[in-house]
1. Output the number of residues of region A:78-101 satisfying the condition of being more than 11 Å from chain B (Cβ to nearest Cβ) and over 21 Å from the mean Cα position of the chain (by Cα).
2. Residue check: is residue B:210 buried (at least 16 other Cβ atoms within 10 Å of the Cβ), in contact (Cβ under 8 Å) with a residue 40 or more places away in the chain, touching a helix residue (DSSP H, G or I) at 6+ places or on another chain (Cβ under 7 Å) and under 26 Å from residue B:294 (Cα atoms)?
3. Regarding residue B:85, is this residue in the same structural domain as residue B:137 (by TED's automatic domain parsing), at pLDDT 95 or above and farther than 17 Å from residue B:210 by Cα?
4. Which ones in region B:1-10 are crowded, with 21+ Cβ neighbours inside 10 Å and either farther than 10 Å from residue B:61 by Cα or more than 22 Å from the chain's Cα centre (by Cα) (or both)?
5. Of these, A:70, A:19, which one is part of a helix (DSSP H, G or I), within 22 Å of the chain's Cα centre (by Cα) and touching a residue at least 40 places away in the same chain (Cβ under 8 Å)?
6. Of the residues A:224, A:193, A:169, which is loosely packed, with under 12 Cβ neighbours inside 10 Å, at pLDDT 95 or above and in a helix (DSSP H, G or I)?
7. Condition first: over 13 Å from residue B:234 (Cβ atoms) and either in a helix (DSSP H, G or I) or touching a residue at least 40 places away in the same chain (Cβ under 8 Å) (or both). Now tell me which residues in region B:255-268 satisfy that.
8. Would you be able to say whether some residue in region B:22-37 is farther than 24 Å from residue B:173 by Cα, buried (at least 17 other Cβ atoms within 10 Å of the Cβ) and assigned by TED's automatic domain parsing to the domain that holds residue B:170?
């Protein structure tokens, strides 16, 4: 199983896709942190809630981790490498498990880069403008660790979604539509249901205090549940379907 | 000795279409078998079932006595290529091999070995998108050889190869099988594999229409005799008296069917006609192939 995970990690590392995603993530986080940190005036930026908003920009890593997860699976179908992959490891559940682990690990890597960037630059901007960190140590730790865990789980959710859908374009569009349209829409219209969507479970995990959110622990459990649900559905369809 | 490959009433149904219909055959170790049929005959579907990528609707396939997916490390005993294009274009050839090899504990040094074996050592660190079709075919073969298999299953490996590449492949498969290893190679062009294989399985519309050695297949249709002579019209008349039909190949030669060179030689001698050349011509394999595969029309 360790060998299988190593092989999947090599798949992640050996194409330029991952580097491209990382660069995209870095650019986006830099842009948002700079805009938020420099365009806001000093007074609001001194409050905990606004500082949290600034420092949580590193969470964008979740989108890129999920994309990496989707691509780890769907590019195998797009380029046909799923055939040799399954020929070398006919136990499809083992392949899926290795992909989930690899996507989770890739998610952690994305999360570490994203958090380091947002916190590093965010802290730099705050201190250069003479603003002290208003977040307590506990809040900061929850923001960082919760975010890392959430981003890692987004990687796994991406791999699960990719396994279910197989189609690369369909997988990417579904992911983005789900995360950026369906989740906010549900939360806006029906918060009692929408708070169980992964985007909002993630928000509660990292300690955001938006109204209607679940308690942090429940948010974490819901995220794990989503990852497990997608993985189980992926396993179910993979075990049945023929490989074209 | 048990057969390396066994298909038992293997069938696959896609909705209304019966793509593979009660296919049964066995392959012995050390043989090279051509798996032939026109496009759409069910060759690839059969291979996918042999390799556990598709589940049979009915029947079963055993490799080394077990279904492929139930073998412990099948890629260390069986090497297979189904498509010549199964690579991520942005990954190098060597990394492609490493991603697969690492999953089953094959060391990276083996990737370099098989790259050298298929003459891709220099291209191994280049991304696959820069490979020609012939190079991709060879990288596919390298993939199959990664686990040092005893059985090779190749689907249309000669597609897109130039004549030099086809010859290289033929020599390679011959060498592979010479020490007791087994090859199953599919093609829709009989001539492509005729010089490589020991025996053929011919399928048409999912059904097995012939299973024999190449010689038997040729003999089944019967050859023709070509005779070049000083006086072909007198020879033709002499043959006609013996109820042997002939036709003019050109102004010096006749094509005689349904007989042997011995008989033609004797008749020419008796008629006092000088013979300049007397040879058996095998029936065109393509003719046999066409006859068999179109004869299966319902």
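The values are calculated or read from the model by the stated rules, or taken from the named source; none is laboratory data. Because the structure is predicted, anything quoted here is derived from the model rather than measured. Because the Cβ atoms are built from the backbone with ideal geometry, glycine has one as well, and the counts that use them run over all protein chains shown.
1. Residues in region A:78-101 being more than 11 Å from chain B (Cβ to nearest Cβ) and over 21 Å from the mean Cα position of the chain (by Cα): 1 in total.
2. Yes.
3. For residue B:85, the condition - in the same structural domain as residue B:137 (by TED's automatic domain parsing), at pLDDT 95 or above and farther than 17 Å from residue B:210 by Cα - is not met.
4. Selection gives B:4 alone.
5. A:70
6. A:169
7. B:261, B:262, B:263, B:264, B:265, B:266 - these are the residues of region B:255-268 that are over 13 Å from residue B:234 (Cβ atoms) and either in a helix (DSSP H, G or I) or touching a residue at least 40 places away in the same chain (Cβ under 8 Å) (or both).
8. The answer is yes; a qualifying residue exists.
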